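Notes follow once the structure below has been shown.
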Amino acid sequence: MMKKEAWLAPLTSVGIGGACLGIFLPKTNEELVDIVEKLQQQNLPYKVIGNGTNLLFSDDFHPFFVISTRKIAKKMSKKDNFVKLSSSTTLFEAYQFCMKNGLSGFEKLCSIPGNIGGAIASGASCYGCSIFDYLEKLTIFQRGKIVEIGKNKIDCGYHHSEFLKNNFLSPTVILSAKFKLQKDQPCKIQKTYLNICSKRRLSQPAGKSYGCTFKNPEGQSAGFLLEKSGLKGQSCGGAKISEKHANFIINSDSARFEDFEYLINLARKKVEENFGITLENDVEIIK
Ligand SMILES: Cc1cc2nc3c(=O)[nH]c(=O)nc-3n(C[C@H](O)[C@H](O)[C@H](O)COP(=O)(O)OP(=O)(O)OC[C@H]3O[C@@H](n4cnc5c(N)ncnc54)[C@H](O)[C@@H]3O)c2cc1C
């Protein structure tokens, strides 16, 4: 169950990250809870990750274990207009399941490459739609117990949730989530999905990335501020600020963490100089 070659780069969409103490790839939620309990009993630090699409690990050694949920069996069930999804379910799988069952909600969100656990922890949103618009309750493993918690009890918002404040010794683990969706015709749901896909293709670059680098400041677009600061096309080593969308940095040629760090700092400094606005990271950086 634990991989000996504990390199983090292959577990991330940007393809960067050094080694860690060990990587666990459980196949069920029961196995996941078992691993977490054992690590907690021994006071060993760990981080639970989803599809690794919002993470930038440094190339250094990371003194903690990583538990990836990507191999956990996906469980999806439906009752009326409620669906229950295991945290390992990708947003795209959630969309397919819901669309077939005539339930609207995931057709915009599914263009985000994360899974349910990662999307909730990172407060995923796009095209005016947030994962929290539909969330009803979560099943979590916290302080040694599996408990249910209603959305109204969770501190969450735009690209933020209380789960990101996780420390490395006893982080809360999201096991599954229940959503309340709206009934609609599958063909209409599919049409919205296809529209969103073409919007993304037109405005965002392909290539290895973690999505947007910075959050949008209130009422503004980080991409616009970066573009107006002349950052498109700037590069460092194997990393390059996309010509298509200035909030994306692409790992175009075996980039190192330092290449990304240089461009992130440069971009923040330029926007500060030009607009007096300090951009906040959207990507989670773990040094
Ligand atoms: C091409 C591209 C486009 C993107 N577009 C968007 C976009 O439009 N909107 C947007 O919001 N994001 C976007 N992202 C960023 C990213 O896909 C989202 O933030 C996504 O929700 C992260 O999910 P993940 O499963 O990859 O989580 P990870 O990156 O694996 O983890 C993110 C955080 O969640 C925590 N976590 C993961 N699973 C659990 C769990 N089961 N229990 C507790 N904590 C957990 C991790 O510890 C980490 O802190 C994009 C990324 C890419 C590569």
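Number of residues in the stretch 157-166 that are within 10 Å of the ligand (Cβ to nearest atom) and either in a strand (DSSP E or B) or within 20 Å of GLY105 (Cβ to Cβ) (or both) equals 3. Scanning the stretch 111-130 for residues that are in contact with a Ser or Thr (Cβ under 7 Å, 6 or more places away or on another chain) and among the hydrophobic types (A, V, I, L, M, F, W, C) gives ILE116, ILE120, ALA121, CYS126. Residues in the stretch 131-168 that are surrounded by fewer than 18 Cβ atoms within 10 Å (Cβ to Cβ) and polar (S, T, N, Q): GLN142, ASN152, ASN166, ASN167. One residue stands out in the stretch 77-92 among those that are within 9 Å of the ligand (Cβ to nearest atom) and not in a strand (DSSP E or B): the one that is surrounded by the fewest Cβ atoms within 10 Å (Cβ to Cβ), namely LEU91.
For the stretch 104-111, the count of residues that are without any contact (Cβ under 8 Å) to a residue 40 or more places away in the chain and surrounded by fewer than 18 Cβ atoms within 10 Å (Cβ to Cβ) is zero. Can you find a residue in the stretch 42-55 that is more than 21 Å from LEU91 (Cα to Cα) and among the small types (Gly, Ala, Ser)? No, the stretch 42-55 contains no residue that is more than 21 Å from LEU91 (Cα to Cα) and among the small types (Gly, Ala, Ser).
So for the stretch 122-130 (the condition being open to solvent by less than 10 Å² (accessible area, probe 1.4 Å), touching a strand residue (DSSP E or B) at 6+ places or on another chain (Cβ under 9 Å), farther than 20 Å from PHE179 by Cα and in a loop (DSSP other than H, G, I, E, B)), does at least one residue qualify? Checked against the condition, which is being open to solvent by less than 10 Å² (accessible area, probe 1.4 Å), touching a strand residue (DSSP E or B) at 6+ places or on another chain (Cβ under 9 Å), farther than 20 Å from PHE179 by Cα and in a loop (DSSP other than H, G, I, E, B), the stretch 122-130 yields no hits at all. Filtered by the rule that a residue be of a type in the set (Val, Ile, Thr) and open to solvent by less than 30 Å² (accessible area, probe 1.4 Å), the stretch 25-39 gives VAL33, ILE35, VAL36.
Kindly provide the set of residues from the stretch 93-121 that are within 12 Å of the ligand (Cβ to nearest atom) and in contact with a Pro (Cβ under 8 Å, 6 or more places away or on another chain), ordered by number. Correct list: empty. Taking the criterion of being without any contact (Cβ under 8 Å) to a residue 24 or more places away in the chain and not in a helix (DSSP H, G or I), the residues of the stretch 131-156 that qualify are LYS145, VAL147, GLU148, ILE149, GLY150, ILE154, ASP155.
The values are calculated or read from the model by the stated rules, or taken from the named source; none is laboratory data. None of these values were measured; they are calculated from a predicted model. So basically every Cβ, Gly included, is an ideal-geometry build from the backbone, and we count neighbours across all protein chains shown. Note: accessible area is taken over every heavy atom of the protein model, side chains too, but ligands, DNA and RNA are not part of it. Shrake-Rupley method; radii C 1.70, N 1.55, O 1.52, S 1.80 Å.
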